[in-house]
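Have a look at the structure below, then the notes.
The values are calculated or read from the model by the stated rules, or taken from the named source; none is laboratory data. These figures come from a predicted structure and were not determined experimentally. Here the Cβ positions follow ideal geometry from the backbone for every residue, glycine too, while neighbour counts run over all protein chains shown. Only protein heavy atoms, including side chains, enter the accessible area calculation; ligands, DNA and RNA are left aside. Shrake-Rupley method; radii C 1.70, N 1.55, O 1.52, S 1.80 Å.
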Amino acid sequence: MSADDAIPALGRIPSGIFVLTCHGPVNEIAMLVSWVQQCSFDPPMVSVAIRKGRDVVDQLKDGASFALNILADGQKELLAHFGKGSPLDHLPRAQERIHRDQGLGAVLREALGVLHCQVAGGCEAGDHFLILGRVVGGSLQADERPMVHIRKSGTNY
């Protein structure tokens, strides 16, 4: 038995699909993330794994705000848009589909829900950086099933 034998099983760990939004040095940042997990009840916290080398990691330092927009099953347009790395404002009809509050990450009005978080720490985790976010607000915007991603292999997205 070896770690290589576990790769197919690693790929079968289900994960949700989220759009992380935050403020960059010049523009808003929006990116598709899937390695998100609740990691504490009290205080409520989540962990987000982001591949090293992504510009957003530099913006998610202690105290920074970000939002996790939870995608619902079937929201393939949002999956395709943010999966290509397209900017938030390039979303068709962006002005009516995005809500912004001062100091918070942007909210996709049609998302299943949103979690507003504040970075509470982070650490290197292999080829990713693990961000810990304290949940400071949010809402469930629809009563639907979340989009779930199951990979074929534990070696890629």
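Taking the range 8-23 as the search range and keeping residues that are assigned to a loop (DSSP other than H, G, I, E, B) and open to solvent by 30 Å² or more (accessible area, probe 1.4 Å), which one is nearest to LEU91 (Cα to Cα)?
PRO14
If you check ARG134 against the conditions, is it under 19 Å from ALA67 (Cβ atoms) and touching a Cys at 6+ places or on another chain (Cβ under 9 Å)?
yes
Are any residues in the range 94-119 open to solvent by 20 Å² or more (accessible area, probe 1.4 Å) and either at pLDDT 95 or above or not in a loop (DSSP other than H, G, I, E, B) (or both), and if so, which ones?
GLN95, GLU96, HIS99, ARG109, GLU110, LEU115, HIS116, GLN118
Restricting the range 74-93 to residues that are among the small types (Gly, Ala, Ser), within 23 Å of ARG51 (Cα to Cα) and open to solvent by 40 Å² or more (accessible area, probe 1.4 Å), which is modelled with the lowest pLDDT?
GLY85
Kindly indicate the residue of the range 127-141 that is more than 16 Å from VAL36 (Cα to Cα) and of a type in the set (Gly, Ala, Ser) and also surrounded by the fewest Cβ atoms within 10 Å (Cβ to Cβ) among those meeting that condition.
SER139
Restricting to the range 24-56, name every residue that is open to solvent by 90 Å² or more (accessible area, probe 1.4 Å) and in a strand (DSSP E or B).
GLN37, GLN38, ARG51
Condition test on ASP62, is it surrounded by fewer than 16 Cβ atoms within 10 Å (Cβ to Cβ), outside any strand (DSSP E or B) and touching a residue at least 12 places away in the same chain (Cβ under 8 Å)?
Spelling it out, ASP62 is indeed surrounded by fewer than 16 Cβ atoms within 10 Å (Cβ to Cβ), outside any strand (DSSP E or B) and touching a residue at least 12 places away in the same chain (Cβ under 8 Å).
I need the full set of residues from the range 21-55 which are touching a residue at least 60 places away in the same chain (Cβ under 8 Å) and among the small types (Gly, Ala, Ser), in order please.
Hits for the range 21-55 are ALA30, SER34, SER47, ALA49.
Filter the range 120-157 for residues that are in a loop (DSSP other than H, G, I, E, B), more than 16 Å from the chain's Cα centre (by Cα) and under 26 Å from PRO43 (Cα atoms) and give the result.
Passing the criteria: GLN141, ALA142, ASP143, GLU144, ARG145.
Quick one: LEU71 ticks every box in (1) in contact with a strand residue (DSSP E or B) (Cβ under 6 Å, 6 or more places away or on another chain); (2) among the hydrophobic types (A, V, I, L, M, F, W, C); (3) modelled with pLDDT of 95 or more bar one, so which box is it?
(1)
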